[in-house]
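Enquirer: There's a structure below that I have some questions on.
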């Protein structure tokens, strides 16, 4: 597994070693020891989540606050998504900046997003199955979010906004300036 830290300190792109032959392929998707060495810290994942979505579905930008903040290790099992992390750590030199990663069932790239970040993704293929690990349990009272098209974020979703399928809840999220603080 190759770990590459992004411009947002603590966010990593993980590229697996995929072994293929005439039968198909094999890869190790997670190894706690290798993961801790790669990101430079011990992370204990406690919950796995999976979603299925169609082309144009945008989910996000979501996060959990305070004691319920979550780190995530995300990947796509099949299909293709544009994955986005936004730094919400108040004292970070990259506060308000974002990183994107193209995650596909073919490339099997994973994206590690530490606590203190908003996260979202947009489905670019006809369908996609999205899978992620969390290091903390979901808590409804600690939910936070940032509007996906907040002009201060300048996220290029690489998809026409008029063709996006966005929940009513996500359309009503506040801008970064008005969002809940992560801690």
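A short reminder: the numbers here are calculations on the coordinates, not readings from a lab. In this text the structure is predicted, and so the values were computed from the model without any measurement. Every residue, glycine among them, receives a Cβ derived from its backbone with ideal geometry; neighbour counts consider all protein chains shown.
Enquirer: Measuring from a point 7 Å past the Cα of residue 107 along Cα-to-C-beta, which residues in the stretch 146-162 have an amide N at less than 20 Å?
Expert: Answer for the stretch 146-162: 155-160.
Enquirer: How far, in nm, would the chain grow between residue 26 and residue 178 when pulled straight, counting 0.36 nm per residue and subtracting the alpha carbon separation?
Expert: Details: separation 152, 0.36 × 152 = 54.72 nm, distance 4.50 nm.
Length gained between residue 26 and residue 178: 50.2 nm.
Enquirer: Measuring from the lowest to the highest alpha carbon on each principal axis, how far does the stretch 1-107 reach, largest first, in angstroms?
Expert: 50, 36, 26
Enquirer: Let me ask you something else. Tell me, what is the FRET efficiency for residue 3 and residue 141 to the nearest 0.05, using R0 = 25 angstrom and their Cβ-Cβ distance as r?
Expert: Details: r = 34 Å, r/R0 = 1.34.
That gives a FRET efficiency of 0.15.
Enquirer: May I ask you to derive the relative contact order of the chain, considering only C-alpha pairs under 8 Å and at least 6 residues apart, and to give it as an integer percent?
Expert: Details: 415 pairs, mean separation 52.5, N = 183.
Rounded, it is 29 percent for the chain.
Enquirer: Give me the distance between the Cα centres of the stretch 61-134 and the stretch 1-38, rounded to whole Å.
Expert: 15
Enquirer: Give, to the nearest whole percent, the P(r) tail of the chain beyond 28 angstrom, counting all Cα pairs. If you can, show how the numbers build up before the last one.
Expert: Values: 3390 of 16653 pairs.
Counting every Cα pair in the chain, those more than 28 Å apart make up 20 percent.
Enquirer: Right, something else. How far apart, in nm, are two points set 7 Å out from the Cα along the Cα-to-Cβ line at residue 33 and at residue 158?
Expert: Between residue 33 and residue 158, the simple spin-label model gives 3.6 nm.
Enquirer: Here is a further query. Over the stretch 80-183, what relative contact order in percent results from Cα pairs under 8 Å that are six or more residues apart?
Expert: Details: 124 pairs, mean separation 30.5, N = 104.
Across the stretch 80-183, relative contact order equals 29 percent.
Enquirer: Quick check: pseudo-label points 7 Å beyond the Cα along Cα→Cβ at residue 165 and residue 47, how many nm apart are they?
Expert: In this crude label model, residue 165 to residue 47 measures out at 2.4 nm.
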